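Notes follow once the structure below has been shown.
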């Protein structure tokens with residue numbers, strides 16, 4: 001939106017004090033020559049000379065033509081400034097805010113007479129001149145009528161806005177002579193802005209008034225608008241206007257098109273605005289991004305506005321965290337193509353292909369061009385409303401991003417997406433924020449409470465959930481500690497290596513607080529994710545066998561303690577630890593990391609086997625379709641199967657009594673009965689069909705207490721004939737194995753009605 005300029009004319013004050021700007025902003029029009037970064041001042045001088053230097057009995061209409069955002073309002077302001085400096089009377093009018101002709105012309109007449117009144121009554125030594133007094137009297141007489149014309153008691157003074165204009169903007173010869181006497185060589189300049197944004201029904205009336213009514217000698221009208229837009233409005237409003245553009249030639253005496261700004265001018269404009277509003281953006285990157293934008297000043301300022309909106313997020317990051325070329329090109333794409341940018345920026349598969357094609361070699365460069373062109377064409381096929389030249393603009397933006405991936409070859413797809421969506425999807429904890437937190441660890445007491453306070457304060461400040469802040473803080477600590485260990489590994493033994501190990505130990509203390517001690521708060525926001533547990537474990541494993549110095553040995557002991565605490569902190573976390581250490585020897589090649597590590601893993605596996613066995617037993621009465629969901633389709637189902645079939649394992653040696661207890665029939669527990677039925681049928685099938693594990697299955701059913709408990713759970717409630725028929729063979733097998741499993745009373749009644757077994 002252009003800024004409307006209110007100009008208070010007073011001949012007794014300096015011209016520069018007469019300018020009052022109603023609004024400012026990134027895209028607000030410019031007012032002074034020192035703000036003219038597009039070299040519009042010479043153009044404005046030409047307009048001003050036309051308006052001010054013609055014969056005093058002329059009425060001049062000048063058109064300042066340009067598309068949206070090209071700087072027309074700035075030119076109007078420059079002309080106003082020149083006119084005021086030379087003492088002319090200036091009235092700036094913006095019709096776009098009015099919805100009716102009455103309101104429009106009322107404001108116009110009132111505003112114009114106010115300017116004339118101020119010019120005539122403050123003329124200094126001539127204030128007592130008879131003719132001047134006559135003009136003042138005329139204006140004083142006219143102005144109240146103009147104001148009262150909209151009063152319901154004013155009768156038929158003016159039934160329409162144009163009628164009011166005819167009534168009050170027609171001066172007699174004496175009035176004109178008096179006005180000329182007062183103004184002398186000064187002119188009355190009327191500047192009309194934003195005609196192309198005015199209500200379409202008012203545009204023809206305004207142009208008609210300019211030509212037919214406001215043809216007042218000594219007045220110059222300067223109108224700023226896009227003639228293409230106004231011409232179309234005229235053509236659409238009435239067939240009599242014919243070609244709207246040609247009709248404008250009858251209205252506008254001196255049409256002047258704004259010159260298209262050069263790339264250098266736009267770059268200077270962007271650099272100047274960026275230095276003022278977002279100085280944290282590198283000027284060279286700004287210059288590159290401007291080349292992707294339309295050659296339109298307002299588009300440049302809109303882009304700078306977006307960059308300033310990023311201020312908070314940018315300042316949260318270290319400089320090295322921001323990939324400016326990628327971030328700026330992505331934001332240009334979002335500015336230029338807001339409706340379709342997500343189709344490009346969210347396509348991970350496309351960007352992976354772009355990365356692969358943007359490495360090295362001439363053929364790769366050709367592949368990249370084809371890849372981008374294909375993607376752009378596909379998008380525009382589904383978006384017919386977009387103009388054809390936009391294809392090239394979109395392709396240029398994508399190419400600009402792709403061209404920078406070589407320089408940032410280590411940017412993974414996740415990091416690339418982060419640069420794309422820094423404003424709308426920022427991370428909860430940046431590296432800069434993590435480092436700031438880490439710097440204070442020496443000066444504050446690191447504890448569960450101090451860490452909790454930091455997380456909750458950071459959550460409130462950044463608007464991110466506490467869970468997200470905790471997760472990202474932990475991930476940052478694990479990642480930064482690995483970097484410290486890598487630096488120590490590359491350093492020579494001595495002060496440098498010990499310093500890196502000291503930093504790693506410091507971060508390890510933070511990790512200890514986060515992943516073991518904060519879980520005592522009994523809050524789900526402070527539970528580590530499975531991937532974080534795995535990352536921490538792998539980090540310790542990688543360096544565990546390094547024992548070159550006492551500092552390393554101390555670090556290993558600290559790590560071992562934390563791993564044990566982490567393992568014991570959440571006994572319900574079974575699956576993540578199965579992924580890490582497994583349930584049997586040979587998993588993960590842990591044996592290669594030395595005897596101490598092998599002993600540590602062995603202790604974890606033993607405890608994990610106990611946990612898994614107990615969990616497995618607990619599922620029998622509560623997990624529907626136990627056999628399918630746990631033994632067969634659970635992620636680690638084959639491991640649970642092996643645990644269950646291992647007579648020497650903890651299921652039978654340590655938790656046998658728990659297993660038998662869980663198999664006790666409970667009234668109304670259909671889940672237990674169904675699971676017992678499925679389990680017995682499965683074991684019977686393994687033995688009968690001589691499948692793998694048939695010996696283990698026979699050994700299990702040979703355990704009289706288990707087999708009997710399993711049978712009782714199966715027949716706790718009456719079964720349908722089909723189930724009884726399927727279970728009849730299992731019953732016979734149990735009897736053959738010496739299990740004294742009696743059938744309930746309802747069993748024989750159902751069996752009698754079944755066909756004889758083969």
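The values are calculated or read from the model by the stated rules, or taken from the named source; none is laboratory data. Please read all numbers here as calculations on a predicted model, not as lab measurements. Here the Cβ positions follow ideal geometry from the backbone for every residue, glycine too, while neighbour counts run over all protein chains shown.
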Within region 451-463, residues assigned to a helix (DSSP H, G or I) and exposed (fewer than 14 other Cβ atoms within 10 Å of the Cβ) come out as 453, 457, 460, 461
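Counting only residues that are in contact (Cβ under 8 Å) with a residue 40 or more places away in the chain, in contact with a helix residue (DSSP H, G or I) (Cβ under 8 Å, 6 or more places away or on another chain) and not assigned by TED's automatic domain parsing to the domain that holds residue 35, give me the helices (runs of 4 or more DSSP H) lying completely in region 220-338 with at least 2 of them. Give the derivation first.
Values: elements: 227-237, 244-251, 263-277, 283-290, 297-309, 311-315, 324-336.
Once the helices (runs of 4 or more DSSP H) in region 220-338 are filtered for at least 2 residues that are in contact (Cβ under 8 Å) with a residue 40 or more places away in the chain, in contact with a helix residue (DSSP H, G or I) (Cβ under 8 Å, 6 or more places away or on another chain) and not assigned by TED's automatic domain parsing to the domain that holds residue 35, what remains is 263-277, 283-290, 297-309, 324-336.
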Determine whether region 239-247 contains at least one residue that is surrounded by 15 or more Cβ atoms within 10 Å (Cβ to Cβ), modelled with pLDDT under 80 and closer than 30 Å to residue 87 by Cβ.
-> no
Assess whether residue 719 counts as being touching a residue at least 24 places away in the same chain (Cβ under 8 Å), part of a loop (DSSP other than H, G, I, E, B) and within 60 Å of the chain's Cα centre (by Cα).
-> yes
What do you reckon, is residue 425 in contact (Cβ under 8 Å) with a residue 40 or more places away in the chain, out of contact with any helix residue (DSSP H, G or I) (no Cβ under 6 Å at 6 or more places or on another chain) and surrounded by fewer than 17 Cβ atoms within 10 Å (Cβ to Cβ)?
-> no
Does residue 496 satisfy the criteria of being in a helix (DSSP H, G or I), at pLDDT below 95 and over 30 Å from the mean Cα position of the chain (by Cα)?
-> yes
Which condition number does residue 690 fail, the rest of (1) in a loop (DSSP other than H, G, I, E, B); (2) surrounded by 15 or more Cβ atoms within 10 Å (Cβ to Cβ); (3) in the same structural domain as residue 739 (by TED's automatic domain parsing) being met?
-> (2)
In region 51-66, which residues are assigned to a helix (DSSP H, G or I) and surrounded by 18 or more Cβ atoms within 10 Å (Cβ to Cβ)?
-> 51, 52
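Rundown of residues vs (1) touching a strand residue (DSSP E or B) at 6+ places or on another chain (Cβ under 6 Å); (2) surrounded by fewer than 15 Cβ atoms within 10 Å (Cβ to Cβ); (3) within 24 Å of residue 620 (Cα to Cα), yes/no style:
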| site | (1), (2), (3) |
| --- | --- |
| 705 | no, yes, yes |
| 709 | no, no, yes |
| 712 | no, no, yes |
| 715 | no, no, yes |
| 724 | no, no, yes |
| 734 | no, no, yes |
| 753 | no, yes, no |
Mind checking which residues of region 575-586 are under 15 Å from residue 606 (Cβ atoms) and either surrounded by fewer than 16 Cβ atoms within 10 Å (Cβ to Cβ) or without any contact (Cβ under 8 Å) to a residue 60 or more places away in the chain (or both)?
-> 577, 580, 581, 582, 584, 585
State all residues of region 32-50 that are assigned to a helix (DSSP H, G or I) and under 45 Å from the mean Cα position of the chain (by Cα); if no residue qualifies, say none.
-> 33, 34, 35, 41, 42, 43, 44, 45, 47
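Step by step: first the residues of region 626-664, then only those that are outside any helix (DSSP H, G or I) and modelled with pLDDT under 90, then the one that is nearest to residue 605 (Cα to Cα). Which residue is that? So that I can check it myself, show each step before the final result.
Applying the first criterion (outside any helix (DSSP H, G or I)) to region 626-664 yields 633-636, 646-649, 654-655, 663-664.
Next, only the ones that are modelled with pLDDT under 90 stay: 633-636.
Working: 633: 22, 634: 19, 635: 18, 636: 15 Å.
Looking at the filtered set, the residue picked out is 636.
Return yes or no: is residue 573 modelled with pLDDT under 85, closer than 21 Å to residue 471 by Cα and touching a helix residue (DSSP H, G or I) at 6+ places or on another chain (Cβ under 9 Å)? Can you show your working first?
Values: modelled with pLDDT under 85: yes; closer than 21 Å to residue 471 by Cα: yes; touching a helix residue (DSSP H, G or I) at 6+ places or on another chain (Cβ under 9 Å): yes.
Yes: the conditions hold for residue 573.
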